[in-house]
Amino acid sequence: MKKILILFFAVWLGSMASVKGNPKILHSSIIDETPIYPGKPKAPARPLTIDITGHTLTLFYPFEEIISVELFDEDENLVYTDWLAPGQTSLVFPSTFTGEYAIRLTVGSVYYIGVIEL
């Protein structure tokens, strides 16, 4: 079992090293705050790794649901909103956006939040 985990970790590190651009890790937060009950997952969703190259956002794998994408400026004002269709893995932000933004991706009942620079 240890060999399989080490091999998986080595393959994952190798795949991350071959990623071009600027990979960012977005941390997750659950939207649904209902109490935990038996059978409901108790662990938070895994972080999501994205790539930002220029003004292009790229996901490393497609999702089966619509993903809402929002950008917030330094004053926490919503300045951009768009969405990714099921299966879509990239989105191009307008070239007029420059600087640092907070990004929030909503996938089902989970927020993925991080900071990007365009």
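The values are calculated or read from the model by the stated rules, or taken from the named source; none is laboratory data. Quick caveat, the model's predicted, so the values are computed rather than measured. Counting neighbours? That spans all protein chains shown, and the Cβs are built from the backbone with ideal geometry, glycine included. Keep in mind that these areas ignore ligands, DNA and RNA; they rest on the heavy atoms of the full protein, side chains included. Shrake-Rupley method; radii C 1.70, N 1.55, O 1.52, S 1.80 Å.
Do you know which of the residues in the range 25-40 that are open to solvent by less than 100 Å² (accessible area, probe 1.4 Å) and not in a strand (DSSP E or B) is modelled with the highest pLDDT?
Only one residue tops the list, namely Gly39.
Would you mind listing the strands (runs of 3 or more DSSP E) fully within the range 55-111 where at least 2 residues are exposed (fewer than 15 other Cβ atoms within 10 Å of the Cβ)?
78-84, 90-92
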